[in-house]
Structure formats: structure tokens, C-alpha cells
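Heads up: the structure comes next, in C-alpha cells.
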Amino acid sequence: MDHGIARLLEAQGGVSSTRELERAGMSRHAVADAVRRGELVRVRRDAVVLAASLSRVAPWERRALITRAVGHSLARGGAPGDEDEGGSVHALSHASALTVHGLPTYGEADVVHLCRTDGARGRRDGTVWVHRPVDPEWTTVVDGLRVVTPVLAALQVAATDGPEPGLVALDGVLHDARERDRQTGGTTEHDAALAEVARVLEARLVGRSRATRQVVELADGRSESVGESRSRWLLHLLGLGPWELQHEVRDESGQLVGVADLKLVGHAVLLEFDGQLKYDDRRDLVAEKQREDRIRALGYEFVRLVWADLERPQHVRQRVLEALDRAVSRRRRPA
């Protein structure tokens, strides 16, 4: 492969557009040769990815590469709509924008989502879905790509994909804001994110669907992972709740024993999501087991969920109800 092509793509995480390559002095013939030899993969007419970057990667990593490649083709940074400044009339949106922001998403993304910023109508084909236009004020530039803001992207996901993906998205946005506040000791970022949620709804940038309303009501930045958010949605769906997030468990002396993902309000039932499935270090497994034993000794019932449980709602319902029955029986048991 042409050395210049390889260097530019490597600098951009393995992706580029043919226009960027030509603008950098690479010939169209050299790009076509690299595609023909299988060194580059053309994921769209003007979007290419290093073949080596696509090999042996997880599905979500593959989608991220394709998203960024299409972004370099249709949503480059710069002044919106000003091609002389490298701008674009498109911005990545929905889950595609969240991917570039480095925020959690859930669900299969079979297309790259974008919005126009020039007021023109959208379109859809096998690779891209261009949605209703947005004003450029709702966009920003991240890693050289124009994207909608995280809050708008999360609410777009809720409106388009439904409450579970939407809850994962908005939880992730609010959690990210809380983490940035934690580093500074303030609440500025989280408060700003909540204010933006209200502004997006007021401006009617997304449909006011039931799914959107549910996501806004349930979203909580204390949820720390996709698995936790999906667990909360499943419990809500099953009518089991309400739950307190990040519950601190302390012993008789007030010493912190652990923090549980969820606690059933009014009952000594804790729930944790464990996405790790296995522990690389046996010492970590032993330490986790000891922590759980100490929590149980304090009178709590414990329900641990893994990824497979989220696809078995009846099983989860049974386990939570059994834990609740045990907690109630223990409370009634004479001392």
C-alpha cells in the first residue's frame, strides 16, 4: 500500500474518505489499487477502512470503524456546510454520535445515523440513515467529526429505537457528566445535561413519544454500565420496584462493606449486575465472594445477574420474588 495512504489512515484510527486522501495528495488510482488488493475496504463510495483494522474485531468495534469512516466522508468537522473549511452539511447522530463521543450504546446498528444541518430533507439507503434536520447549534466537533450533542443523541435513540436502548444511552450521558463533576467536586456538568434534556424536549427536536417520556423519567447517572441500565429497565418492565441505585452497605460499626448496584426500596434485597462472567485473577473472585458473604451476614438477600439473565425475564422475576420472600420471612423471624 502507498505509504502516505497507510500513514493517514493509521493517524485517523484506520479510517478515511477518498476525498481526504486525494486532498492529502494521494492519487485516485493508488486508492483504487489498495482496495483491489484488499488492503483497504470500501464501506461506502467515499469511505474506506484499513482491512487490517476490520479483521478479528468484535461486532461493535466493526460498527465503530464503519461509523467513523462514513463520518469522514459525510460529517467532517469545520464550519457546518462550509466545504472550504472542511465542513459538512451532515452531523453524525443517534447511536453513531454516541459512538464518536465514546458513550455507551445498546442494540444492533445496521446503518450509520446522520442529520442534515442545512434544513434539507433526509434519506435512507443500505449504509446511512439521514434523519430530520437539526440546527448547527446542536452539533459539535469530536475527533475531527461533526456530531450532535450527547444529550440530543441519547434522546434520538429513545425516539427511534425505543426505551431500553434510550435508557442505556441517556444513563450513559448522565453518568459521564457525573464522573466529570466528580473530578472537579461540583455538579455543573450533570446540571447542564439535565437542563439540555429539558431544552431538547421543549424545542421538539425528537418526537414526544411514550418511549422518550419513559427514558427521561427513569434515566439516572448513578447507573454505571450498560448491564445496570438494562437490568433496571427489565425490573421496571416486570413491575418490580422501585429500586435505590448505588446503595451503601455498612456494618454495625458504620464501616462500608460494599456498594450494591440496586436495593429494593423498603426491603433488604440487593441486586448486582456482573458483566465480567469470569475473573482473570482468582483472588478477585475470592474477594468478591467474601464481600457477598459479609453482606448476606448483615441480613441482606442477594440477586446477581449476568448477561444471559437479561434475555430470561421470567427467570429474573422468579429470583427477585424468591429473594423478597426470604427477606420478608427473615424480618418476621423471632430473635
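Quick notes
- Condition check for GLY186 on (1) touching a residue at least 12 places away in the same chain (Cβ under 8 Å); (2) assigned to a loop (DSSP other than H, G, I, E, B): one failure, at (1).
- Considering residues of region 49-60 that are open to solvent by less than 40 Å² (accessible area, probe 1.4 Å) and either among the β-branched types (Val, Ile, Thr) or within 24 Å of LEU167 (Cα to Cα) (or both) only, the residue modelled with the highest pLDDT: VAL49
- Meets criteria (in contact with a helix residue (DSSP H, G or I) (Cβ under 7 Å, 6 or more places away or on another chain) and not in a loop (DSSP other than H, G, I, E, B)) for ARG42: yes
- Pair list, Cβ under 9 Å, 6 or more apart: region 299-326 residue more than 20 Å from GLU288 (Cα to Cα), other residue among the β-branched types (Val, Ile, Thr) and assigned to a helix (DSSP H, G or I): LEU310/VAL316
- The residues of region 208-230 that are of a type outside the set (Lys, Arg), over 15 Å from PRO165 (Cβ atoms) and surrounded by fewer than 20 Cβ atoms within 10 Å (Cβ to Cβ), listed by number, are GLU217, ASP220, GLU224.
- Matching residues in region 61-94 - criterion: being modelled with pLDDT of 90 or more, part of a helix (DSSP H, G or I) and open to solvent by 20 Å² or more (accessible area, probe 1.4 Å): GLU61, ARG62, ARG63, ALA64, LEU65, ILE66, ARG68, LEU74
- Residues of region 94-126 satisfying the condition of being under 22 Å from GLY77 (Cα atoms) and polar (S, T, N, Q): SER96, THR99, THR117
- Scan of region 249-272 for residues that are surrounded by 11 or more Cβ atoms within 10 Å (Cβ to Cβ) and closer than 15 Å to ARG291 by Cα, ordered by number: VAL249, ARG250, ASP251, VAL257, GLY258, VAL259, ALA260, ASP261, LEU270, LEU271, GLU272
- Residue-level analysis places GLU202 outside the set of residues that are surrounded by 15 or more Cβ atoms within 10 Å (Cβ to Cβ), of a type in the set (Asp, Glu) and free of Cβ contacts under 8 Å to residues at least 24 places away in the same chain.
- Screening ARG132 against (1) in contact with a Phe, Trp or Tyr (Cβ under 9 Å, 6 or more places away or on another chain); (2) among the charged types (D, E, K, R); (3) surrounded by fewer than 21 Cβ atoms within 10 Å (Cβ to Cβ) leaves a single unmet condition, (1).
The values are calculated or read from the model by the stated rules, or taken from the named source; none is laboratory data. It should be emphasised that the depicted structure is a prediction, and the values quoted were computed from it without experimental measurement. Note that we place each Cβ from the backbone using ideal geometry, even for glycine, and neighbour counts take in every protein chain shown. Remember, those area values only see protein heavy atoms, side chains included, never the ligands or the DNA or RNA. Shrake-Rupley method; radii C 1.70, N 1.55, O 1.52, S 1.80 Å.
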